[in-house]
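A short write-up of the structure that comes next.
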Amino acid sequence: MRSSRDTMLRVLRTTPLILVTLFACKKGDKVPSYVMIPAVSVTTSTDQGSSTSRITDVWVYADEESMGVWELPARVPVLREGNSTITITPGIKRNGYYDDRIRYPFYTSWTGSVNVVPTEGVTISPVVTYIDQTSFWIEAFSDPGIQLNLTPASDTSLIIYDAATNADISVDGTNFAGIMLDDDHRYIRVYTDVGFNVFGGPVFLEMDYRNDVTFTVGIQYVENGLASSAPYLYVVPTMQADGNMPWNKIHVDLSPVFNVGGISQRNFYLEVSLPVSRMEGQVYFDNIKLLRTNP
């Protein structure tokens, strides 16, 4: 005969399983469907430049109900069955910072009808565009001449690479620019001379880049009749441990400095200085865009 202690232990071991079963079978529970979002792409018109993008996050809505914010690629549970209106709002890492993810103000949202089935997954491929109110300044290095000026202190210059002979490097099959630094050529700054107007809305600088030395994004402006410049963001190398140097894309939020009152002649610059410990370095740029909202 089993002791009362053995009987009590058997009951205690069985009880959690019974509770789990009861909770799992609770009447009215819904089984989720899954919306799979591998990536979100961008399409552009001819006057909007390249369609390269780096959308890292999405805000997801099902029938206007928030399903949360998800890092791509995403597998989003949705408590729906049948046709559901799914809305995807794309987000980016502001200034390249991992912990500063925002809805990108220059991209539209994607909306589509999706047939969702409980326990099953359906894959969607959202495509977004720039919003109609976007004002573009673009340097893609594909037209004769470039819109970036060289400072007198620079001891080297930009090199324009032809896509036809550098197809293995080009980010999108078009021309691009590069900077080669060595012991005799250690510094360069290129800048715009546009004097950008702003209208109180967001101002972002987009660019594709690949580099094995840090470069600086800075601002230039005039205040009280005096010309000033200051570094704004340091962009670290994309060079990896295996020697691969992939392209990356960054969205630099210039709104806090461009929207300051009392300044004029707003411009930006790109600056590279070879560290004293290095004998050579390289930086490549493409698809530089300054985006503002029209009033």
With respect to residue 187, is the statement that it is surrounded by 14 or more Cβ atoms within 10 Å (Cβ to Cβ), of a type in the set (Phe, Trp, Tyr) and farther than 22 Å from residue 234 by Cβ true?
no
Residues satisfying the stated conditions in segment 65-92, i.e. among the β-branched types (Val, Ile, Thr) and open to solvent by 50 Å² or more (accessible area, probe 1.4 Å):
69, 85
Residue in segment 104-121 that is farthest from residue 86 (Cα to Cα), counting only those that are open to solvent by 40 Å² or more (accessible area, probe 1.4 Å) and assigned to a strand (DSSP E or B)
121
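Taking into account only those residues within segment 122-152 that are among the aliphatic types (A, V, I, L, M) and part of a strand (DSSP E or B), which is surrounded by the most Cβ atoms within 10 Å (Cβ to Cβ)?
Residues of segment 122-152 among the aliphatic types (A, V, I, L, M): 122, 124, 127-128, 131, 138, 140, 146, 148, 150.
Keeping just the survivors that are part of a strand (DSSP E or B) gives 122, 127-128, 138, 150.
Details: 122: 15, 127: 13, 128: 20, 138: 17, 150: 14.
By that ranking, first place goes to 128.
The values are calculated or read from the model by the stated rules, or taken from the named source; none is laboratory data. Please read all numbers here as calculations on a predicted model, not as lab measurements. Note that we place each Cβ from the backbone using ideal geometry, even for glycine, and neighbour counts take in every protein chain shown. Ligands, DNA and RNA are stripped out before the accessible areas are found, and what is left, the full protein with its side chains, is counted by its heavy atoms. Shrake-Rupley method; radii C 1.70, N 1.55, O 1.52, S 1.80 Å.
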